[in-house]
Amino acid sequence: MLKDLHILQDLQKIDLVIDSFQNNKEEFPKLIEQFNQRLGEEKHKIEVKKQALLELEKKKKGLELDLSDKEEKIKKSEEKMMLVKSNEEYQAMKKEIEMARAQNSFLEEQILEVMLQLDEVKNALNIFEQEMSNSTKVIEAQKKKVEDDLSHLDELLMGKKGERETLLKDLSKESLSAYNRLRTKKALAVTETRNGKCVGCSMSLPPQFYNEIQKCDTLRFCPSCQRILIYTPTT
């Protein structure tokens, strides 16, 4: 039984390492997701700017067409004005042309404003695309490191599982069953005793029971936390 107790101690150490590895493995997909989310946010910013660029270009084209139409109308009105005979009709057409030119001046101001907005959006888009390029390089390198770490962790995990299988060959079925039952409820199935106490829950053990634990002739369980007790001599 003393051999079983020593094996149980070693088994628990290995299982705790395996637990740690498994927990770390669960974090890796979260990291990858965070990296992808960051790239997604960068892409979204670029798409928003591209859409704004398209809208502004569409608006500019519409204003330019409107301006071109009005200029053509002014040209025709000027030609007609040269043919009118009465001063009253001449003045009316002149006033109409002046109003049209005023409207064109307003259109030209709008076009200029849109052109300035286009420059701002293009500059912002260039910055975002450069940031995206830089972020992609950094994030891809980070993802590669995470994937390498995961691969290394899988190798370590396989090694620990191999050690575990080797230990189980020399462990009795009764001891393994008790250990597995406790492991499903608690992180620690095995604990030491020290100075008359259970290290797992700090409960003071009855003196007679504590003396029996020192025999190491069978599995004994803490009356409080139910863990398997292993005697540790006081140094």
Name the residues in the stretch 179-198 that are in a strand (DSSP E or B) and touching a strand residue (DSSP E or B) at 6+ places or on another chain (Cβ under 7 Å), would you?
Val190, Thr191, Glu192, Thr193, Lys197, Cys198
Taking the stated definitions as given, is Glu57 surrounded by fewer than 13 Cβ atoms within 10 Å (Cβ to Cβ) and either out of contact with any His (no Cβ under 7 Å at 6 or more places or on another chain) or of a type in the set (Asp, Glu) (or both)?
no
Return yes when Ser202 is surrounded by fewer than 16 Cβ atoms within 10 Å (Cβ to Cβ) and outside the structural domain of Arg38 (by TED's automatic domain parsing) and no when it is not.
yes
Regarding Lys215, is this residue surrounded by 11 or more Cβ atoms within 10 Å (Cβ to Cβ), over 29 Å from Thr234 (Cβ atoms) and modelled with pLDDT under 95?
no
So which residues in the stretch 205-223 are of a type in the set (Ser, Thr, Tyr) and within 21 Å of Leu176 (Cα to Cα)?
Thr218
Among the residues of the stretch 171-199, write down those that are aliphatic (A, V, I, L, M) and surrounded by 15 or more Cβ atoms within 10 Å (Cβ to Cβ).
Leu171, Leu176, Ala178, Leu182, Leu188, Ala189, Val190, Val199
Do we find that Gln91 is farther than 30 Å from Glu33 by Cα and either among the β-branched types (Val, Ile, Thr) or modelled with pLDDT of 95 or more (or both) in this structure?
no
Yes or no: the stretch 198-217 includes at least one residue that is touching a residue at least 12 places away in the same chain (Cβ under 8 Å), out of contact with any Asp or Glu (no Cβ under 6 Å at 6 or more places or on another chain), within 30 Å of Glu33 (Cβ to Cβ) and not small (Gly, Ala, Ser).
no
For Leu167, state whether it is over 17 Å from Ile7 (Cβ atoms), in the same structural domain as Ile32 (by TED's automatic domain parsing), in contact (Cβ under 8 Å) with a residue 60 or more places away in the chain and surrounded by 13 or more Cβ atoms within 10 Å (Cβ to Cβ).
no
From Ile14, Ile18, residue being β-branched (Val, Ile, Thr), at pLDDT below 95 and surrounded by 13 or more Cβ atoms within 10 Å (Cβ to Cβ)
Ile18
Glu140 - would you say it is assigned by TED's automatic domain parsing to the domain that holds Gln22 and in contact (Cβ under 8 Å) with a residue 12 or more places away in the chain?
no
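The values are calculated or read from the model by the stated rules, or taken from the named source; none is laboratory data. Since we're looking at a predicted model, the values are computed, not measured. Positions of Cβ are backbone-derived with ideal geometry, glycine not excepted, and every protein chain shown enters the neighbour counts.
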